[in-house]
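What follows is a single structure, written as structure tokens, with notes after it.
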Amino acid sequence: MCSLPVPREPLHRVAVTGGTHGNEMSGVYLVRHWLQAPGELQRPSFSAMPVLANPAATAACRRYMDRDLNRTFISTFLTVRASPEDPYEVTRAQELNQLLGPKASGRAFDFILDLHNTTANVGTCLITDTAHNVFALHLCHHLQLQNPELPCRVLMYQRPGEESYALHSVAKNGLGLELGPQPQGVLRADFFSQMRALVAAALDFLELFNQGMALPAFEMEAYRTVGTVDFPRTKDGDLAGTVHPQLQDRDFQPLPPAAPIFQLFSGEDVLYEGEATVFPVFINEAAYYEKGIAFIQTEKLTFSVPALPSLTPAPTPVP
């Protein structure tokens with residue numbers, strides 16, 4: 001798999017998107033505020049564009065109308081001929097692809113920062129596709145250094161052979177910012193303020209890069225998706241139990257073989273049957289019940305991220 005292109009020119013076309021899921025309120029209300037007062041998103045070398053990604057779902061305070069928008073930015077949907085019968089989110093993904101892309105083209109935006117909340121206890125989670133997204137990993141490292149009091153964990157969601165499907169994949173480079181736990185349809189002041197500060201720090205990083213800051217190599221710790229685990233179910237497909245108290249809220253913590261993961265309604269414990277320790281994330285996420293996911297299994301990795309040299313200044317025109 002090839003690395004994403006590393007920027008060799010200043011990043012001028014930047015977007016901050018919220019409301020990709022219409023009931024994740026921190027991003028919804030930040031973008032609504034910035035649409036009225038965009039000054040916070042301005043930097044000397046660029047002005048980030050705020051985008052309310054899913055207006056219909058936001059108005060209805062629902063995750064989505066017809067299908068999950070943040071799983072729709074793949075060629076199957078982006079390249080199909082538009083039809084009035086298309087699900088709303090397919091039409092909206094095509095509109096966003098025209099506004100911010102087209103995906104995988106030289107005309108795409110330089111960077112997209114996409115804002116999310118989760119009901120799971122992930123704290124501050126920085127979501128990228130793979131370890132090949134070198135520029136995004138440098139941004140993650142910067143946010144970790146700027147916020148030592150926050151466990152800013154990095155999650156790489158893309159599985160081998162899988163196309164990047166998230167909204168931020170439309171741009172040449174991008175990052176998802178996920179804060180939780182926050183209930184769906186609820187706006188918490190602490191997460192609102194924290195997300196606002198993280199967006200400001202991310203834009204500051206882009207400005208420093210544009211101004212010629214060199215980015216040294218470093219060692220990164222991150223979590224890579226390896227699978228999912230569904231709830232125990234009856235033969236009719238109904239829930240037969242729930243997440244075990246010893247697992248609940250332990251996102252990013254080690255889960256060894258034979259540890260309890262579910263508690264059946266009949267009282268028995270269900271133990272983890274994997275052969276190796278994993279690190280569960282998005283444990284008991286409300287939006288994943290419909291997807292048949294009780295938690296996502298990840299493996300913990302440490303790897304080297306290469307340095308990025310400073311941008312070469314444009315030559316001064318000769319009088």
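The values are calculated or read from the model by the stated rules, or taken from the named source; none is laboratory data. Please read all numbers here as calculations on a predicted model, not as lab measurements. For neighbour counting, all protein chains shown are included, and Cβ atoms are generated from backbone atoms with ideal geometry for every residue, glycine included. SASA here: full protein model, heavy atoms, side chains in, ligands and nucleic acids out. Shrake-Rupley method; radii C 1.70, N 1.55, O 1.52, S 1.80 Å.
Some points to look at:
- Cα centre as origin, Lys/Arg/Asp/Glu Cβ charges: segment 1-124 dipole, Debye: 160 debye
- Phi-based couplings in Hz for segment 240-246 (Karplus 6.51, -1.76, 1.60; Gly and Pro marked x): 10, x, 9, 4, 5, x, 6
- Sequence-distant lysines (8 or more away, or on other chains) whose Cα lies within less than 30 Å of LYS172: LYS103, LYS291, LYS300
- Value of Rg to Rh for segment 152-274 (Rh from inverse mean 1/r over Cα pairs, i.e. Kirkwood): 1.05
- Taking amide H positions as modeled 1.01 Å from N, with prolines and chain starts lacking one, the residues under 5 Å from ALA240 and 5 or more places away or on another chain are ARG233, THR234.
- Per-residue [θ]222 nm for the chain (sum of -39500 (n - 2.57) over DSSP H runs n ≥ 4, rounded to 500): -7000 deg cm²/dmol
- Signed unit charges on C-beta, dipole axis of segment 91-176, positive-most listed residue PRO102, CYS125, VAL170: PRO102
- Per residue accessible area of the chain, 1.4 Å probe, in Å²: 45 Å²
- Ordering THR72, GLY274, VAL14 by the projection of their Cα atoms onto the charge dipole of the chain, which places +1 on the Cβ of Lys and Arg and -1 on the Cβ of Asp and Glu, puts VAL14 at the extreme positive end.
- Cα centroid separation, segment 72-93 to segment 128-194 (Å): 25 Å
- In segment 24-145, Cα pairs under 8 Å separated by at least six residues give a relative contact order of 21 percent.
- Student exercise, segment 14-222 dipole from Lys, Arg, Asp, Glu Cβ charges, in Debye to nearest 20: 300 debye
- Burial order of peptide ranges 116-125, 85-94 (average beta-carbon count within 10 Å, highest first): 116-125, 85-94
- The H on the amide N of LEU271, modeled in the peptide plane, is under 5 Å from the matching H of ILE261, each at least 5 residues off or on a different chain.
- Amide N of segment 221-254 lying under 11 Å from the label point, which is placed 7 angstrom from the Cα of TYR289 along Cα→Cβ: 239
- Taking all Cα pairs closer than 8 Å and separated by 6 or more residues, the relative contact order of segment 14-222 comes to 27 percent.
- Charge dipole (segment 187-319, unit charges on Cβ, about Cα centre) - positive-most of HIS244, PHE209, VAL226: PHE209
- P(r) tail fraction, segment 14-222 - alpha-carbon pairs more than 20 Å apart, %: 56 percent
- Accessible area of the chain belonging to carbon and sulfur atoms, whole % at 1.4 Å probe: 55 percent
- Segment 228-303, relative contact order in percent, only Cα pairs under 8 angstrom and at least six apart counted: 32 percent
- In this Cβ point-charge picture (+1 for Lys and Arg, -1 for Asp and Glu), segment 201-268 has a dipole of about 240 debye about its Cα centre.
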